[in-house]
Amino acid sequence: MQEAPIAFHGVAYGRPKPHHNAELTEVGPGTPCGEFMRRYWQPLTLSARATTTPSQIRILGEDLILFRDRSGRPGLLYPRCAHRGSSLFYGRVEAEGIRCCYHGWLFSVEGECLDQPCEPCGGLHKDRVRQPWYPLQERYGLIWVYMGPPARMPVLPRWDVLEDVPEGQKLLVSHSSLYAGGDDDVEIVPCNWLQEWENVMDPFHIPILHTSFSGVQFVPEMGVMPEVNWEYADAGMRYTAYRKLDDGREMDRVTQALFPHVRIVPNVQLAEGPSSGIGWVVPVDDTSLRLCFVMKVPQDVDRLPRSPNLRPWSQMTPEERQAFPGDWEAQVSQGPITFHSEENLAGSDRGVSMLRRTLGQQIRAVQAGQDPAGTIFDPDHALIRIEAGNFFRKPSQG
Ligand code: FES
Ligand SMILES: [Fe+2]
């Protein structure tokens with residue numbers, strides 16, 4: 001009997017060299033997406049992290065030094081001392097700023113050189129020197145940085161859900177990567193920021209990855225395949241996922257993705273009502289991200305609520321990760337920056353396609369000299385009202 005010939009169509013040999021979409025993913029200074037990102041106030045880190053001990057922090061591909069002077073003002077400076085380049089990481093924090101360890105030049109949080117102790121009279125020309133710095137604000141327990149052109153600086157928005165904190169509740173701020181399937185103690189997710197942000201517009205991975213594949217990571221009701229309607233919105237997009245539950249209830253789950261990388265996800269246990277918090281997918285550099293969350297929680301809660309079956313990533317063995325993959329495994333395994341050239345987007349990826357399209361439009365708007373969507377310049381209109389939440393339809397509407 002003759003053996004059937006091997007059908008060679010699609011073998012891995014000779015496949016095209018893969019590549020990523022640089023316009024949408026790379027965030028360093030001068031890149032299209034990096035310039036877009038620099039038009040928004042970015043959550044840098046928890047307020048509590050700025051102390052009188054200088055620390056190194058990276059954001060949008062820039063390494064910077066964070067500290068809090070002894071008058072209480074946070075500062076974020078370029079690391080290389082304007083004198084001869086020693087790192088201010090080794091500096092000493094004083095009431096007025098940070099003093100370089102090498103020759104003692106003192107810089108304020110706005111980069112002014114206040115003292116040059118080796119020069120006559122503390123430096124007669126010290127006002128000619130400026131240490132590069134970025135403006136900061138503190139709100140909701142976070143430090144926010146504006147890294148863009150000064151003339152285009154928007155106001156730092158307020159969020160209705162974070163403004164109105166009832167008695168008995170508080171705002172919890174966190175960098176926990178648990179929501180990426182990681183860990184409370186693992187801050188940096190080692191993949192491009194867009195892999196995490198676009199996941200927010202991908203409701204179809206919930207019944208698969210989070211419910212059937214790995215057991216129930218949220219609640220069994222999330223296993224119902226939703227009917228999804230994605231829509232563009234003023235400053236990003238949203239989707240409504242409709243589900244008819246086994247007990248007869250019908251629900252709409254509204255999720256938002258707002259520029260530049262805001263994610264507003266309703267309660268994953270399906271608690272009714274608006275989302276109780278907001279997350280930001282902050283690009284650390286091209287191949288890593290840091291999540292920032294601010295969430296309303298009862299006074300006695302000190303960590304983000306954990307899904308019952310999502311164990312901390314650092315406590316799982318490789319075998320367990322293989323048996324119970326979560327967002328971390330799915331997204332980090334796409335690679336440091338996923339190869340967009342190798343994708344085959346399908347109908348259920350419509351939200352991902354739409355998000356990339358609208359992101360690309362805003363990136364090009366910045367290149368064309370415009371302000372991107374979602375930047376607010378009027379302090380009287382700085383309040384953002386969120387729409388995300390779990391909403392159950394009344395029987396009469398169903
Ligand atoms: S290198 Fe910083 S004071 Fe000289
Ligand atoms: Fe997920």
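Relative to the dominant Cα principal axis of the chain, helix 350-367 is inclined by about 30°.
Computed over region 1-101, relative contact order equals 17 percent, with contacts defined as Cα pairs under 8 Å that lie 6+ residues apart. For region 154-392, the calculated P(r) over all alpha carbon pairs, in 10 Å bins from 0 to the bin holding the longest distance, is 7, 30, 39, 20, 4, 0 percent. Subtracting the Cα-Cα distance of R385 and E272 from 0.36 nm times their residue separation leaves 38.9 nm of extension gain. With a simple spin-label model that places each label point 7 Å from the Cα along the Cα-to-Cβ direction, the separation between K170 and D127 comes to 4.5 nm.
Could you compute the FRET efficiency for R364 and C118, with r as their C-beta to C-beta distance and R0 at 51 Å, rounded to 0.05? Efficiency, from the Cβ-Cβ distance: 0.55. What does a probe at R393 reach in region 235-251, counting residues whose amide N is under 16 Å from the point 7 Å along Cα→Cβ? Under cut-off, by backbone N: 240-251.
Computed extension gain for S348 through D378, at 0.36 nm per residue and net of the alpha carbon distance, reaches 7.0 nm. Region 337-398 and region 242-315 have their alpha-carbon centroids 16 Å apart.
Each Lys or Arg adds one and each Asp or Glu subtracts one; over the other residues with Cβ under 11 Å from the Cβ of H103, this totals 0. Annotation: amide H of A233 within the under-5 Å range of R238, sequence separation 5 or more or interchain, hydrogens built in the peptide plane. Full extension of the chain segment joining Q56 with A95 gains 12.0 nm, where the gain is 0.36 nm per residue of separation less the Cα-Cα distance.
Of C191, C33, C101, the residue with the greatest mean-square motion in the GNM of the chain, using alpha carbon springs below 10 Å, is C101. Across region 195-206, computed HN-Hα scalar couplings (Karplus, 6.51 cos²θ - 1.76 cosθ + 1.60, θ = phi - 60°) run 4, 7, 5, 6, 4, 5, 9, 10, x, 6, 6, 5 Hz from first to last residue, x flagging Gly and Pro.
Taking only the C-alpha atoms of region 238-327, Rg followed by Dmax gives 15.8, 46 Å.
Rg/Rh for region 138-199: what does it come to with C-alpha atoms and Rh from Kirkwood? Rounded to two decimals, Rg over Rh is 1.03.
A Förster radius of 41 Å combined with the Cβ-Cβ distance from E320 to E3 puts the calculated FRET efficiency at roughly 0.50.
Rule-based calculations on the coordinates, nothing more; no lab input. Small disclaimer: the values here were computed from a predicted structure and weren't measured. Glycine gets a Cβ as well: all are built from the backbone with ideal geometry, and neighbour counts include every protein chain shown.
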